[in-house]
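First the structure, in the form of structure tokens, and then the observations on it.
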Amino acid sequence: MKVEVNNEQLILEAAEAEFLEKGYGNAKTVAIAKRAGVSHSMLHYYFRTKDKLFQMIFRQKMQNLLQPIGLIFDKNLPFEQTIRQIIETQFNFVAKQPHLPLFVFNEILQNKANRDLVLEFLVPHIAVFLEKIEKMLNEEIEKGNICQISIRDLMMNILSINISTFIAMPIINDFLPIKDTKILEKMLNERCESNVQFILNALRP
């Protein structure tokens, strides 16, 4: 059983690397199997098709993001702290896999099946979070603590400012290469805090 689990994990890790490097269309199961150090037939034994591999990786990634966001609401924090933790959670998630946003964006645009997968998997989960955030948002608006803003615009602002950081990073790194990991980590921490302050300041009346 342990060998099977290890093989399955090796295949998933190899597939993720292959997809991110070459895109879904150019990734080949033969190359994934070679990268994982398993036979091509073993890869098909576990996952059957490239589609199933992609779907499993995508679901895992989204669960890794959605689970900690769900836990934020269990803390019953004040509105600003809730928004702060949502921004930080999403930012830190993408920081660990900076190539993921552009990859997912490209695949959603180019592949209807993957677009349908996003809608099928994400919409039910996100709807629950949006309902909770919108309730808190409306309460803060009624109290006069924040300006009038729709939940749609708030979430678009958070997604845009966080993801744009990592889409821009390869271009910035070409001009100002950061070779020291500690400097990069410090820069990302500062950028995350800057994003938090930008969103919170924009909410204030």
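The values are calculated or read from the model by the stated rules, or taken from the named source; none is laboratory data. None of these values were measured; they are calculated from a predicted model. Backbone-built Cβ (ideal geometry, glycine too); neighbour counts: all protein chains shown.
Residues in segment 68-79: is at least one in the same structural domain as ASN173 (by TED's automatic domain parsing), basic (Lys, Arg) and either farther than 26 Å from ILE167 by Cβ or without any contact (Cβ under 8 Å) to a residue 60 or more places away in the chain (or both)? Spell out the reasoning first.
Going residue by residue through segment 68-79, those that are in the same structural domain as ASN173 (by TED's automatic domain parsing) are 68-79.
Narrowing the set further to residues that are basic (Lys, Arg) leaves 75.
Add one more test, that the residue is either farther than 26 Å from ILE167 by Cβ or without any contact (Cβ under 8 Å) to a residue 60 or more places away in the chain (or both), and what stays is 75.
Yes, because at least one residue in segment 68-79 is in the same structural domain as ASN173 (by TED's automatic domain parsing), basic (Lys, Arg) and either farther than 26 Å from ILE167 by Cβ or without any contact (Cβ under 8 Å) to a residue 60 or more places away in the chain (or both).
Look at SER150 and say whether it is out of contact with any Phe, Trp or Tyr (no Cβ under 8 Å at 6 or more places or on another chain), closer than 20 Å to PHE93 by Cβ and of a type in the set (Gly, Ala, Ser). For SER150, the condition - out of contact with any Phe, Trp or Tyr (no Cβ under 8 Å at 6 or more places or on another chain), closer than 20 Å to PHE93 by Cβ and of a type in the set (Gly, Ala, Ser) - is not met. Exactly one residue out of ILE126, ILE133 is at pLDDT 85 or above and either farther than 18 Å from ILE163 by Cβ or in a helix (DSSP H, G or I) (or both): that is ILE133.
Please go through segment 89-118 and give me each residue that is surrounded by fewer than 18 Cβ atoms within 10 Å (Cβ to Cβ) and either among the charged types (D, E, K, R) or not in a helix (DSSP H, G or I) (or both), ordered by number. LYS96, GLN97, PRO98, HIS99, ASN111, LYS112, ARG115, ASP116 - these are the residues of segment 89-118 that are surrounded by fewer than 18 Cβ atoms within 10 Å (Cβ to Cβ) and either among the charged types (D, E, K, R) or not in a helix (DSSP H, G or I) (or both).
Is at least one residue of segment 51-65 polar (S, T, N, Q), surrounded by 14 or more Cβ atoms within 10 Å (Cβ to Cβ) and under 17 Å from LEU122 (Cα atoms)? Within segment 51-65, one or more residues are polar (S, T, N, Q), surrounded by 14 or more Cβ atoms within 10 Å (Cβ to Cβ) and under 17 Å from LEU122 (Cα atoms). One residue stands out in segment 24-43 among those that are surrounded by fewer than 15 Cβ atoms within 10 Å (Cβ to Cβ) and either in a helix (DSSP H, G or I) or not small (Gly, Ala, Ser) (or both): the one that is modelled with the lowest pLDDT, namely GLY25.
Restricting segment 56-86 to residues that are in a helix (DSSP H, G or I) and among the basic types (Lys, Arg) leaves a set whose member that is farthest from ALA15 (Cα to Cα) is ARG84. Does ARG152 satisfy the criteria of being under 22 Å from LEU12 (Cα atoms), in a helix (DSSP H, G or I), basic (Lys, Arg) and free of Cβ contacts under 8 Å to residues at least 40 places away in the same chain? Spelling it out, it is not the case that ARG152 is under 22 Å from LEU12 (Cα atoms), in a helix (DSSP H, G or I), basic (Lys, Arg) and free of Cβ contacts under 8 Å to residues at least 40 places away in the same chain.
Selection of segment 162-183 for residues being free of Cβ contacts under 8 Å to residues at least 40 places away in the same chain, of a type outside the set (D, E, K, R) and assigned to a helix (DSSP H, G or I) yields SER164, ALA168, PRO170, ILE171, ILE172, ASN173, PHE175, THR181, ILE183. In the set LEU10, LEU20, which member is touching a residue at least 12 places away in the same chain (Cβ under 8 Å), more than 23 Å from ILE163 (Cβ to Cβ) and outside the structural domain of MET136 (by TED's automatic domain parsing)? Criteria check complete, one pass: LEU10. Within segment 174-205, if we keep just the residues that are of a type in the set (A, V, I, L, M) and closer than 14 Å to GLN81 by Cα, the residue that is surrounded by the fewest Cβ atoms within 10 Å (Cβ to Cβ) turns out to be LEU200.
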